[in-house]
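Nothing in this text is a laboratory measurement; each read-out follows from the coordinates by a stated rule. The shown structure was predicted, so the numbers you read here are calculated from the model rather than taken from an experiment. With ideal geometry, Cβ positions are generated from the backbone for all residues, glycine too; neighbour counts draw on all protein chains shown.
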Amino acid sequence: MCVALTGAGAIVCPAQAEPPFLLLKLDGAFVKWGEPVLGTGAKVRYALLADRREFAGARNCADMSPLEPTLHRAGIAADQLRAETAAAFSMWERAANIRFEAVADPAQADILIGAQTMPAGRAFANVDYRKDGQGETRRIDKALICLNPKQPWKVGFGGNANAYDLRYTIAHEIGHAIGLNHPGPSGQLMGFKYAESFRGLQAGDLGGVVALYGSRDGTAAANVPAARTAQPTGMGLR
């Protein structure tokens, strides 16, 4: 059996060969932007960090600096960074009823993107939700995305196999920032192992974001099965 998550609750549906996705659960609750009801839309603002900032209590990305100098050293210009970031957000926006707006002032952003000041791993996300809600779903309050400035980065696939594609990596971390977890190691963009087999969202990624925000035409995800749910497992890309 599988569970189709809707704004009205959970319904049982037959198990088919549906691609897997994993909804993020924090302290026992699903998390999403907008109304705390699965299958409903949202509008989210994002910004690239302009100066160093610390985020008390963050599990990941607790201390971040601007990402632009890091990528400049890797040969990625500021306009490329903005374009690749916008393209990564556009992947998710085209798939479901969630809208993203780039803002110049980081203080006005819901999702902040920067470089780790204490490098670790490859890339991580941090999700903080509002504690004043009740029920099985809570509103996300702030999300952070941080990349390791000591690791090699590139735009596009091919070339240095140890350098990760910027758009793929940011899109993966956006998935965490909007309420998705790792469904497994591979096969979906939300898989935790980096691979250059595909650059866009896969069927499981699409199912997950629609379960959270409904389809792009605004209809709820009445028949989208959620394979599993679990506590976060690092929210990063390996």
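Find, to one decimal place in angstroms, the Kirkwood hydrodynamic radius of segment 86-127, where the mean of 1/r is taken over every pair of different Cα atoms and then inverted. If you can, show how the numbers build up before the last one.
On the way: mean 1/r = 0.0803 Å⁻¹.
Averaging 1/r across every pair of different Cα atoms and inverting gives 12.5 Å.
Taking the C-alpha atoms of segment 87-172, how large are the radius of gyration and the largest Cα-Cα span, Dmax, in Å?
Rg then Dmax for segment 87-172, in Å: 15.2, 49.
For segment 19-42 and segment 125-145, compute the distance between their C-alpha centroids and round to whole Å.
9 Å
Bin width 10 Å, origin at 0, all Cα-Cα pairs of segment 11-146: what percent of pairs per bin?
Taking all Cα pairs of segment 11-146, the binned fractions are 11, 36, 35, 14, 4, 0 percent.
Between Arg139 and Arg52, what is the FRET efficiency for a Förster distance of 35 Å, r being their Cβ-Cβ separation, to the nearest 0.05?
Numbers: r = 28 Å, r/R0 = 0.79.
After rounding to 0.05, the efficiency reads 0.80.
Return the equivalent ellipsoid semi-axes of segment 54-120 as a descending list in whole Å, where each equals the square root of 5 times an eigenvalue of the C-alpha gyration tensor. Walk me through the numbers on the way to the answer.
Working: eigenvalues 92, 64, 24 Å².
Values for segment 54-120, descending: 21, 18, 11 Å.
Would you mind checking the pairs Lys43/Lys193; Lys25/Lys193; Lys25/Lys131; Lys43/Lys150 and listing those with alpha carbons more than 25 angstrom apart?
Lys43/Lys193; Lys43/Lys150
For Phe89, Phe198, what's the fewest-to-most ordering of other Cβ within 10 Å of each Cβ? Each step should come with its number before you reach the end.
Working: Phe89 24, Phe198 12.
Going from sparsest to densest Cβ surroundings: Phe198, Phe89.
Which value, in debye to the nearest 20, gives the size of the charge dipole of segment 38-159 about its Cα centre, when Lys and Arg are +1 and Asp and Glu are -1 at the Cβ? Don't skip to the answer; put the middle values down first.
Details: 17 positive and 14 negative charges, 48 e Å.
My answer is approximately 220 debye.
Fully extended, how many nm does the chain gain between Asp217 and Ala86 (0.36 nm per residue separation, minus their Cα-Cα distance)?
On the way: separation 131, 0.36 × 131 = 47.16 nm, distance 2.11 nm.
In short, 45.0 nm is gained.
Quick check: residue separation of Ala102 and Arg45 times 0.36 nm, minus the Cα distance between them. What number comes out in nm?
Numbers: separation 57, 0.36 × 57 = 20.52 nm, distance 0.58 nm.
Result: 19.9 nm gained on full extension.
Quick one: if you stick a label point 7 Å off each Cα along the C-beta vector at Asp132 and Ala120, how many nm between them?
Computed distance between label sites Asp132 and Ala120 equals 3.1 nm.
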